[in-house]
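Before any comments, here is the structure.
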Amino acid sequence: KHPDRMPMDGMAIGSDGTPLGFVMVAIHPRKDRYDLHTLRPGETYIEQVGVAAAARGQGIGKQLLQWAEAMAREHNSAILTLSVLNGNPARR
């Protein structure tokens, strides 16, 4: 639906081709997909991040967040934000 946004999405894929996780980011001045967060100048917002249940505890989430941080740096963002819903079972 929005092919121009594809470079802002990252996926972790296992050696057998199995999807392990994903991350979606929005970089100012672009809005996030669901208009839930107002991005400020110099900000990259992590819209969603998810790791397959079978892949949890293997560092996949950490790698995805590192990719998001690298994207933020590549676009000269000084702020990287993420919101976690209270009801999220993976919230720590």
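The values are calculated or read from the model by the stated rules, or taken from the named source; none is laboratory data. As the structure is a prediction and not an experimental result, all values here were calculated from the model. Glycine gets a Cβ as well: all are built from the backbone with ideal geometry, and neighbour counts include every protein chain shown. Surface accessibility is based on the protein's heavy atoms, side chains included, excluding ligands, DNA and RNA. Shrake-Rupley method; radii C 1.70, N 1.55, O 1.52, S 1.80 Å.
Structure above, values below:
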quantity	calculated
First in segment 62-77 and in contact (Cβ under 8 Å) with a residue 60 or more places away in the chain, second anywhere and part of a helix (DSSP H, G or I), Cβ under 9 Å, 6 or more apart	M71/P7; M71/M8
Residue check, L65 on the phi < 0 side of the Ramachandran plot, modelled with pLDDT of 95 or more, open to solvent by 20 Å² or more (accessible area, probe 1.4 Å) and touching a helix residue (DSSP H, G or I) at 6+ places or on another chain (Cβ under 7 Å)	no
Matching residues in segment 68-92 - criterion: being open to solvent by less than 70 Å² (accessible area, probe 1.4 Å), of a type in the set (S, T, N, Q) and either outside any loop (DSSP other than H, G, I, E, B) or within 12 Å of H28 (Cα to Cα) (or both)	S77, T81
Residue within segment 44-53 that is over 13 Å from M24 (Cα atoms), open to solvent by less than 60 Å² (accessible area, probe 1.4 Å), in contact with a strand residue (DSSP E or B) (Cβ under 9 Å, 6 or more places away or on another chain) and of a type outside the set (G, A, S) present	no
Every pair of residues 6+ apart whose Cβ atoms lie under 6 Å, when the first sits in segment 36-60 and is on the phi > 0 side of the Ramachandran plot while the second is open to solvent by less than 40 Å² (accessible area, probe 1.4 Å) and in a loop (DSSP other than H, G, I, E, B)	G42/S77
